[in-house]
Structure formats: C-alpha cells, structure tokens
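Take a look at the structure set out below.
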Amino acid sequence: MTTLERRCRLLLRAYPAGYRHDRGEEILGTLLEATPEGRAWPLARDIRCLVTGGLRARAALNRQRTTAANLRIAVVAGAAAYLAFSTAFEVKFAVLTLAAPAERGLPDGWHLLLAAALVGLAVALVWVGSRRTVVLTGLTAAAIAVSLAGWVPRAFHWPISELACMVVLALLAGRCGRPGRAWLWLVAIVAVLPLATDLTPTFWSFPPAAWLVAMGIASLLWSVIDARPVIATAVFLLAFTLPSAMEDAGPPPGVLVLAVVGAVAAVAVWPLHRQSARAARHGSSS
Amino acid sequence: MSFRLPMREPTYFVLATLLAGPLHGYAIIKRAEELSNGRIRLATGTLYTALDRLTAEGFVHLVSEEVVAGRVRRSYGLTDEGSAALRAEAQRMAEAARLVTGGAAARGGRLGRKARTA
C-alpha cells in the first residue's frame, strides 16, 4: 500500500463505517485516479470535500430516524457511558482491595469484581444483546451491589446515579435500535477516566475535570453535525453530578452544574430535531 | 420524481456528462471539466455526495459494476427522470439567457432610451 493510498484511507474514515463498506473502495479508486502522479496527499479540495462529504453522510444517518429514536439513543449512550465509568472505578477499587484486604478492612474484592463485571456486561449487551438480557444482567448486578452496600455503605455504595442509569438502560435499550459502534469511543474514553489519576501528574485531582471539559467542548462542536453526543455527555454529567448535588447543604455548586448541564441538554434537543427524520422530509434539494 | 429548480451547477454538469452514456466516477470528473471548459472541477467527495443524492432522487442509476485493480468501479447512467430534469433546467437557463441576449432585451433597451429622451 502506498503512502497516498494509506492517507486516502485515513481521510475516508470521515465517512460512517457502513458507508465505507459500501462505497469506500469505489471512492478510493476515484480519488487515487484524480490525484496527480507523485503526490503523497490528495489535492487540498479533495481533502476538504472528503471530510465535509463524510460529515454530511454521518448527518444523513440521523435523518433516517425520528427525533424520539435519536434522543433515546443519546440517553442510552450517556447512561451506558456513566455505568462504564462507574464500573472502571469499581474495578480499580476492587483490585486495590484484593491487593491489601487486611490493611483496608474492606469487603471481599471478588464480590466487587463480580458486581462490576455484571454492570460492564449489561453495558456491553446494549450493543450486542437484547433488552431482556440487559435487564436481567442489570438486575443481578444491582442485587449484588445493594447487598454489598449493606455491608459497607461508604466503601462501596451504589448511589442513585448508577441505579438511575441502569433503569434507563432497562427501559430504553433495544427500543430504538442499538447505538452505533462509534459510540463505544465515548464509553471507552470515560471508562479510562478513573485511571487518569494513576497515569497523569498528581495535580490532576480526581475526577480529571480537564477531560470532562474537553469532552463537553468536543461534543458541543460536533453538535453541528450530530447533536446526540452533546445530549449523551449531558446525561453522563448529570449522573456524575447528581450525588454531590444531593449532598450539598448550602447554595450548591452541584445543583448549579446540574442546572447548566440540564439546560444545555434541553437546548440540544432543538438541533437534534432538525437533524432527525422530520427535517429530512422538507430539507432535500437538487 | 419531483425536483427543484434552479439546479446547482455541479449537479447540472454531473447529469450532463451522462447524456452520452454511462460513466464511472473518475470519467464523470474528467468529462465535467471538458464540458465546462475547465471551469467545473469536481472534487471526489462532492461527486459522490451528488451521486448519492441523484440516485436517491431517481435521476441517476447504477448501470454496471466491475473490479479494476482490485477495486470496485461502478458506472452510472441517466434515468428518464434525470434526463427530463436536465432538459427542464437547460430550458430554464435558455429562457433566462434570452432575457439578456435575445430580442426582449433589445426592445427593452430601445424603450428605455425613448423614455429617457421624452
């Protein structure tokens, strides 16, 4: 494979995976023919149009679904992302517990791992399983977690956010089609956040707020093409902030964050509505 | 199949290239450049966005598919609806051009001069 072809393939990643599967090789062939001999990159206008064409193709995918279906996908993805984040944190905690159980006096790390694994499985089943399997796995995980919470409420608690996210998955997963595989990036990114304190300098206190802010800004920018990530991120942040907002006594920063994030999510429904099926029926032109 | 006028220029030239018969992607790009005396240089992304839209609207259809150098090469042809849309657009542009270059413009010019001198 030449350098040019490798770079063309990289640019084609702007298109959704399904589109690339159908048209990728054909577009690649045309692109290679249209690029003058000796160049390592396609022409600037080809690069620009490939990227914008890819983004348009991604936006067109949304227009195959109604606003409600797109909204359900965004909420499910946000809830799944939060559960993945929570699961990663619990796994880290369980591993620490297993490493030094006597010193810490914490519950059996294997139980923690089992509960975390079941939650992780429920999240994975959103992409590969049926709604029934998501519900069954989530219920089992919740039962184990609640029993653990009874043992040591402060060491391992399943606060309201995890339960709320699991209820969201149980109610909505499978009702709107499965979220696309691209959503797994969001889940993967938030799942590594609990490890960020181990991998980054110590002045980054947990949670690494810079990551969350970057995620929020990126999803806001992406909302021009697809408003679902901003809604999913808002759901994640709502779940993230809810426990601290409930614990705050005075004028709570947590409640303020909840209000701002909630408002952003509510506003993002409008571009989502425009990007969904109803807008497409009136928006095409030659 | 319904369509809207005016048609965008790249769309017009993509359809015009297919008047003589089916062509594959790169041939459409070259032919559009020839027909427009070098003015329309379709980018690859633009071409396939246009082909997707025109196929969905029923103006263009897939004619053949072959494998060249290990890659799929598809040829596209004009449908009857596409041909009708192209001719309607050409007619619209011809009428618009006659306003400026034809008899109406000349008569308008004389009337305007008379009005100014009166």
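Checking the condition more than 20 Å from the chain's Cα centre (by Cα), of a type in the set (S, T, N, Q) and within 12 Å of another protein chain (Cβ to nearest Cβ), which residue from A:THR30, A:THR2 passes?
Numbers: A:THR2 fails: within 12 Å of another protein chain (Cβ to nearest Cβ).
So the residue among A:THR30, A:THR2 that is more than 20 Å from the chain's Cα centre (by Cα), of a type in the set (S, T, N, Q) and within 12 Å of another protein chain (Cβ to nearest Cβ) is A:THR30.
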Go through the stretch B:48-72 and give me each residue that's in contact with a helix residue (DSSP H, G or I) (Cβ under 6 Å, 6 or more places away or on another chain) and either of a type in the set (Asp, Glu) or under 25 Å from A:ALA14 (Cα atoms) (or both).
B:TYR48, B:THR49, B:ALA50, B:VAL60, B:ARG71, B:VAL72
Filter the stretch B:80-93 down to residues that are under 13 Å from B:LEU18 (Cβ atoms) and in contact with a Leu (Cβ under 9 Å, 6 or more places away or on another chain), then give me how many there are.
4
Output for the stretch B:8-32, where each listed residue is within 25 Å of B:VAL68 (Cα to Cα), within 13 Å of chain A (Cβ to nearest Cβ) and surrounded by fewer than 19 Cβ atoms within 10 Å (Cβ to Cβ):
B:TYR26, B:ALA27, B:LYS30
From (1) surrounded by fewer than 18 Cβ atoms within 10 Å (Cβ to Cβ); (2) within 14 Å of chain B (Cβ to nearest Cβ), pick out the condition that doesn't hold for A:VAL128.
(2)
Within the stretch B:33-56, can you find the residues that are more than 7 Å from chain A (Cβ to nearest Cβ), of a type in the set (Gly, Ala, Ser) and in a helix (DSSP H, G or I)?
B:ALA50, B:ALA56
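For the stretch B:68-87, give me each residue that is closer than 20 Å to B:ILE29 by Cβ and within 13 Å of chain A (Cβ to nearest Cβ). Spell out the reasoning first.
Looking only at the stretch B:68-87, we keep the residues that are closer than 20 Å to B:ILE29 by Cβ, and these are B:68-69, B:71-78, B:82, B:86.
Across the stretch B:68-87, the qualifying residues are B:VAL68, B:ALA69, B:ARG71, B:VAL72, B:ARG73, B:ARG74, B:SER75, B:TYR76, B:GLY82, B:LEU86.
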Looking only at the stretch A:36-53, which residues are more than 8 Å from chain B (Cβ to nearest Cβ) and either without any contact (Cβ under 8 Å) to a residue 24 or more places away in the chain or outside any loop (DSSP other than H, G, I, E, B) (or both)?
A:PRO36, A:GLU37, A:GLY38, A:ALA44, A:ILE47
Just to be sure I understand the filter: pairs with C-beta atoms under 7 Å, separated by 6 or more residues or on different chains, first member in the stretch B:24-51 and touching a residue at least 40 places away in the same chain (Cβ under 8 Å), second member among the polar types (S, T, N, Q). Which pairs pass?
B:HIS24/B:SER75; B:GLY25/A:THR30; B:ILE28/B:THR17; B:ALA50/B:THR11
Meets criteria (touching a strand residue (DSSP E or B) at 6+ places or on another chain (Cβ under 6 Å), at pLDDT 85 or above and assigned to a helix (DSSP H, G or I)) for A:GLY24:
no
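Which residue is modelled with the highest pLDDT, if the candidates are limited to the stretch A:90-148 and must be among the aliphatic types (A, V, I, L, M) and in a loop (DSSP other than H, G, I, E, B)? Give the steps one after another, and end with the answer.
Initial filter on the stretch A:90-148 (among the aliphatic types (A, V, I, L, M)): A:91, A:94-96, A:98-100, A:102, A:106, A:112-119, A:121-126, A:128, A:134-136, A:139, A:141-146, A:148.
Applying the additional criterion that residues be in a loop (DSSP other than H, G, I, E, B) yields A:100, A:106.
Working: A:ALA100: 66, A:LEU106: 52.
Going through the qualifying residues, I end up with A:ALA100.
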Subset of the stretch B:1-32, residues part of a loop (DSSP other than H, G, I, E, B) and modelled with pLDDT of 90 or more, comes to B:LEU18, B:LEU19, B:ALA20, B:GLY21, B:PRO22
Can you tell me which condition B:THR55 does not meet? The list is (1) in contact with a His (Cβ under 8 Å, 6 or more places away or on another chain); (2) surrounded by 18 or more Cβ atoms within 10 Å (Cβ to Cβ), and all the others hold.
(2)
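The values are calculated or read from the model by the stated rules, or taken from the named source; none is laboratory data. Predicted model only: the values in this text are computed from it and were never measured. Don't worry about glycine lacking a Cβ; one is built from the backbone with ideal geometry, like all the others, and counts go over all protein chains shown.
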